[in-house]
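Accompanying notes for the structure given below.
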Amino acid sequence: MTHPIPRLTLVVKRSMDLLGATLGLLLTLPLWPLIMLAIRLDSPGPVFFRQLRIGRSHATHTELFFMIKFRTMRANAEAATGPVWCGKGDSRITRSGDFLRKTRLDELPQFINVLKGEMSLIGPRPERPGIANRLEDAVPYFIERTYEVAPGITGLAQVNQGYDESLDDVRSKLAFDLAYSVALLHPWRWLVQDVHIIGKTIAIMVGKKGR
């Protein structure tokens, strides 16, 4: 299955990404020192967390990039286990990390990924290669979710469902991601949907309902 996204949609979406990420950085930069201080005081380790993620998939190759976040878990949280999902009440999450996750403030550094063209403001959640390889075997059409679509800081799946904890969660979110890909084929429908997703994301942040 391919998604021949109209060039107009791609141009407008990228323009919105550049404008939104620039404004997002300018408006939230005053919060960064406070967030960094809270992380430092809460647990030892770096303030930022960089992790290899899967970007757009193409007919001939799949892009990889390092996603940046504020650290919300203990340093080296997966050293003994390897890539695993984070569940509710996960003991690896720090106190400051719990707040950052609920408000989605841990995602703020990803504005940098958006400016670099590695991510979009809105799109499917970028997955780790180790987990994605397993999901491709277990969940049909999983790779299609990012076919010519950049992963996003937020997205249709993210605002309707929390973090993945099971294959059923992945299958449910996949339906949202594929629906978003279809919406990209229709510029007006896509634009209305993006505005809705942004509004819902803000409501989640203010209400501390991030999961």
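Values in this text are rule-based calculations from the coordinates and carry no lab data. Nothing here was measured: the structure is a model prediction, and the numbers come from that model. Cβ sites come from the backbone with ideal geometry, for glycine too, and all protein chains shown count toward neighbours.
By DSSP, the beta bridges lying fully in the chain are antiparallel in about 75 percent of cases. Largest mean-square fluctuation among 172, 96, 181, in a Gaussian network model of the chain whose springs join Cα atoms under 10 Å apart, belongs to 172.
Give, in nm to one decimal, the length gained when the segment between residue 12 and residue 76 is fully stretched (0.36 nm per residue of separation minus the Cα-Cα distance). The partial results should precede the final answer.
Values: separation 64, 0.36 × 64 = 23.04 nm, distance 3.92 nm.
Value of the extension gain: 19.1 nm.
For the pair residue 148 and residue 131, the difference between a 0.36 nm per residue extended length and the Cα-Cα distance amounts to 4.1 nm.
Proximity of backbone amide H atoms, modeled 1.01 Å from N, is registered between residue 94 and 73, 74 at under 5 Å, excluding neighbours fewer than 5 places apart on the same chain. First measure r as the distance between the Cβ atoms of residue 163 and residue 19, then evaluate 1/(1 + (r/R0)^6) with R0 = 25 Å and state the FRET efficiency to the nearest 0.05. Working from the Cβ atoms, E equals 0.30. Exposed loop sites were defined as GluC sites (Glu not before Pro) in DSSP loop states (anything but H, G, I, E or B) carrying at most 16 other C-beta atoms within 10 Å; in the chain the longest segment without such a site runs 1-77.
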